[in-house]
Amino acid sequence: MSTPPMRSDASEVYRRYLSAVMLHGHAGARACDLGATDLYALNVLQLSGPMSPGALSDRTGLTTGPTTRLIDRLEQAGYVRRAPDPDDRRKVVVEPVAGPADLDRVMAPARQKIGEILRGYGPEQLDVLFDYFTRAAAAYQEAAEDLRAMK
(Lines give C-alpha, C1' and ligand atoms only; values in the text may rest on other atoms or scores of the structure.)
Protein backbone atom coordinates (compact mmCIF):
# COMPACT_ATOMS: atom_id res chain seq x y z
CA MET A 1 0.00 0.00 0.00
CA SER A 2 1.39 3.42 -0.90
CA THR A 3 1.97 6.14 1.64
CA PRO A 4 -0.45 9.08 1.58
CA PRO A 5 1.13 12.17 -0.01
CA MET A 6 2.63 14.80 2.24
CA ARG A 7 0.99 18.21 2.24
CA SER A 8 4.05 19.57 0.41
CA ASP A 9 3.08 17.25 -2.46
CA ALA A 10 -0.50 18.58 -2.59
CA SER A 11 0.02 20.65 -5.73
CA GLU A 12 1.47 17.72 -7.64
CA VAL A 13 -1.25 15.34 -6.43
CA TYR A 14 -3.94 17.83 -7.44
CA ARG A 15 -2.38 18.42 -10.85
CA ARG A 16 -2.25 14.66 -11.45
CA TYR A 17 -5.93 14.44 -10.52
CA LEU A 18 -6.90 17.25 -12.91
CA SER A 19 -4.80 15.70 -15.69
CA ALA A 20 -6.50 12.33 -15.18
CA VAL A 21 -9.96 13.94 -15.29
CA MET A 22 -9.07 15.78 -18.50
CA LEU A 23 -7.58 12.65 -20.06
CA HIS A 24 -10.74 10.70 -19.24
CA GLY A 25 -12.92 13.47 -20.68
CA HIS A 26 -10.97 13.44 -23.94
CA ALA A 27 -11.09 9.64 -24.13
CA GLY A 28 -14.82 9.64 -23.38
CA ALA A 29 -15.50 12.22 -26.08
CA ARG A 30 -13.45 10.25 -28.60
CA ALA A 31 -15.30 7.04 -27.71
CA CYS A 32 -18.57 8.85 -28.52
CA ASP A 33 -17.18 10.24 -31.80
CA LEU A 34 -17.07 13.77 -30.42
CA GLY A 35 -14.36 16.30 -29.86
CA ALA A 36 -13.55 17.15 -26.26
CA THR A 37 -14.88 20.70 -26.72
CA ASP A 38 -18.12 19.33 -28.20
CA LEU A 39 -18.67 17.11 -25.17
CA TYR A 40 -17.75 19.96 -22.83
CA ALA A 41 -20.27 22.26 -24.56
CA LEU A 42 -23.00 19.62 -24.25
CA ASN A 43 -22.22 19.30 -20.56
CA VAL A 44 -22.41 23.08 -20.12
CA LEU A 45 -25.80 23.16 -21.86
CA GLN A 46 -27.16 20.22 -19.88
CA LEU A 47 -26.06 21.75 -16.59
CA SER A 48 -27.04 25.36 -17.33
CA GLY A 49 -29.91 25.01 -19.78
CA PRO A 50 -30.49 26.92 -23.00
CA MET A 51 -28.20 29.87 -23.66
CA SER A 52 -27.31 32.25 -26.43
CA PRO A 53 -24.45 31.35 -28.75
CA GLY A 54 -22.52 34.24 -27.17
CA ALA A 55 -22.97 32.82 -23.67
CA LEU A 56 -21.89 29.39 -24.92
CA SER A 57 -18.86 31.03 -26.49
CA ASP A 58 -18.00 32.62 -23.15
CA ARG A 59 -18.46 29.35 -21.25
CA THR A 60 -16.36 27.29 -23.68
CA GLY A 61 -13.69 29.92 -24.24
CA LEU A 62 -14.18 29.79 -28.01
CA THR A 63 -14.46 32.79 -30.30
CA THR A 64 -17.64 33.30 -32.31
CA GLY A 65 -16.55 31.47 -35.49
CA PRO A 66 -15.55 28.21 -33.78
CA THR A 67 -18.66 28.44 -31.56
CA THR A 68 -20.89 28.64 -34.65
CA ARG A 69 -19.16 25.58 -36.12
CA LEU A 70 -19.49 23.76 -32.78
CA ILE A 71 -23.24 24.48 -32.67
CA ASP A 72 -23.58 23.39 -36.32
CA ARG A 73 -21.85 20.05 -35.55
CA LEU A 74 -23.93 19.41 -32.44
CA GLU A 75 -27.14 20.39 -34.24
CA GLN A 76 -26.35 18.16 -37.21
CA ALA A 77 -25.65 15.25 -34.83
CA GLY A 78 -29.03 15.83 -33.13
CA TYR A 79 -27.69 16.91 -29.73
CA VAL A 80 -28.83 20.56 -29.73
CA ARG A 81 -31.21 22.82 -31.56
CA ARG A 82 -31.41 26.52 -32.16
CA ALA A 83 -34.65 27.99 -30.88
CA PRO A 84 -36.06 31.51 -30.75
CA ASP A 85 -35.03 33.37 -27.60
CA PRO A 86 -38.19 33.64 -25.48
CA ASP A 87 -37.20 37.18 -24.43
CA ASP A 88 -36.24 38.46 -27.90
CA ARG A 89 -37.59 36.59 -30.93
CA ARG A 90 -34.89 38.20 -33.13
CA LYS A 91 -32.25 36.17 -31.27
CA VAL A 92 -31.72 32.45 -30.81
CA VAL A 93 -30.74 30.22 -27.93
CA VAL A 94 -29.02 26.87 -28.13
CA GLU A 95 -30.76 24.14 -26.17
CA PRO A 96 -29.78 20.54 -25.58
CA VAL A 97 -32.18 17.95 -26.98
CA ALA A 98 -30.17 14.75 -26.51
CA GLY A 99 -26.85 13.42 -25.37
CA PRO A 100 -24.59 10.92 -27.09
CA ALA A 101 -26.29 7.52 -26.82
CA ASP A 102 -23.04 5.83 -25.87
CA LEU A 103 -22.04 8.37 -23.22
CA ASP A 104 -23.53 6.55 -20.23
CA ARG A 105 -21.95 3.27 -21.34
CA VAL A 106 -18.59 4.95 -21.94
CA MET A 107 -18.61 6.76 -18.60
CA ALA A 108 -20.01 3.85 -16.53
CA PRO A 109 -16.68 2.22 -15.59
CA ALA A 110 -15.21 5.47 -14.20
CA ARG A 111 -18.47 6.35 -12.47
CA GLN A 112 -18.50 2.93 -10.80
CA LYS A 113 -14.89 3.32 -9.63
CA ILE A 114 -15.54 6.82 -8.29
CA GLY A 115 -18.70 5.52 -6.58
CA GLU A 116 -16.63 2.84 -4.85
CA ILE A 117 -14.16 5.47 -3.65
CA LEU A 118 -16.96 7.72 -2.35
CA ARG A 119 -18.61 4.81 -0.51
CA GLY A 120 -15.40 4.59 1.54
CA TYR A 121 -16.07 8.01 3.08
CA GLY A 122 -18.36 8.81 5.97
CA PRO A 123 -21.18 11.38 5.76
CA GLU A 124 -19.07 14.17 7.29
CA GLN A 125 -16.21 13.48 4.90
CA LEU A 126 -18.61 13.52 1.96
CA ASP A 127 -19.98 16.86 3.16
CA VAL A 128 -16.43 18.26 3.09
CA LEU A 129 -15.72 16.80 -0.35
CA PHE A 130 -18.93 18.14 -1.89
CA ASP A 131 -18.41 21.52 -0.22
CA TYR A 132 -14.94 21.60 -1.75
CA PHE A 133 -16.20 20.64 -5.22
CA THR A 134 -18.91 23.31 -5.08
CA ARG A 135 -16.60 26.06 -3.86
CA ALA A 136 -13.70 25.05 -6.13
CA ALA A 137 -15.97 25.05 -9.19
CA ALA A 138 -17.06 28.60 -8.38
CA ALA A 139 -13.44 29.65 -7.79
CA TYR A 140 -12.30 28.18 -11.12
CA GLN A 141 -15.18 29.85 -12.97
CA GLU A 142 -14.35 33.19 -11.38
CA ALA A 143 -10.66 32.78 -12.17
CA ALA A 144 -11.49 31.93 -15.80
CA GLU A 145 -13.64 35.05 -16.05
CA ASP A 146 -10.79 37.11 -14.60
CA LEU A 147 -8.37 35.66 -17.16
CA ARG A 148 -10.76 36.41 -20.03
CA ALA A 149 -11.20 39.98 -18.76
CA MET A 150 -7.42 40.50 -18.92
CA LYS A 151 -7.37 40.06 -22.71
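The values are calculated or read from the model by the stated rules, or taken from the named source; none is laboratory data. Owing to the predicted nature of the structure, the values given are computational and were not obtained by experimental measurement. Cβ: placed from backbone, ideal geometry, glycine included. Neighbour counts: every protein chain shown. With ligands, DNA and RNA removed, areas are computed over all heavy atoms of the protein, side chains included. Shrake-Rupley method; radii C 1.70, N 1.55, O 1.52, S 1.80 Å.
Quick notes
- In the range 64-117, the alpha-carbon atoms span a convex hull of 128 Å³ per residue.
- Computed from Cα positions, the angle between helix 36-48 and the longest principal axis of the chain comes to roughly 90 degrees.
- When you restrict to C-alpha pairs under 8 Å that are six or more residues apart and normalise by the size of the range 16-91, the relative contact order lands at 18 percent.
- Placed amide H near Arg81: partners under 5 Å, 5+ positions off or other chain: Glu95, Val97
- Angle in degrees between helix 64-76 and the longest Cα principal axis of the chain, rounded to the nearest 10: 90
- Rolling a 1.4 Å probe over the heavy atoms of the protein chains gives the chain an accessible area of 74 Å² per residue.
- Cβ-based net charge around Leu34, under 15 Å, with every Lys or Arg adding one and every Asp or Glu removing one: -2
- Only helices enter this figure: runs of n ≥ 4 DSSP H residues, each worth -39500 (n - 2.57), summed and divided by the residues of the chain, yield -22500 deg cm²/dmol at 222 nm to the nearest 500.
- For Val92, the residues whose amide H sits under 5 Å from its own are Asp85, ignoring neighbours fewer than 5 places away on the same chain, with H placed 1.01 Å from N.
- A Cα-only calculation for the range 102-151 places Rg and Dmax at 15.7, 44 Å.
- Charge tally around Gly61: other residues with Cβ under 14 Å, Lys/Arg +1 each, Asp/Glu -1 each, net -1.
- Relative to the longest principal axis of the Cα atoms of the chain, the long axis of helix 103-119 lies at roughly 30 degrees.
- From phi via Karplus (6.51, -1.76, 1.60), per-residue ³J(HN,Hα) for the range 88-101 in Hz, x at Gly/Pro: 8, 4, 6, 9, 10, 10, 9, 10, x, 10, 6, x, x, 4
- Carbon + sulfur, % of accessible area of the range 53-112 - ligands and nucleic acids excluded, 1.4 Å: 50
- For the chain, the relative contact order comes to 17 percent (Cα pairs under 8 Å, sequence separation of at least 6).
- Vicinal HN-Hα couplings computed from phi for the range 135-151 (Karplus, 6.51 cos²θ - 1.76 cosθ + 1.60; Hz; Gly/Pro x): 6, 5, 4, 5, 5, 5, 4, 5, 5, 5, 4, 4, 5, 5, 5, 6, 6
- Rg(Cα) / (2.2 N^0.38 Å) computed for the range 1-100, rounded to two decimals: 1.38
- Lys/Arg +1, Asp/Glu -1 at C-beta; the range 7-61 dipole; positive extreme among Tyr14, Gly28, Leu56: Tyr14
- For the chain, a simple Cβ point-charge model (Lys and Arg +1, Asp and Glu -1, everything else neutral) yields a dipole of about 340 debye relative to the Cα centre.
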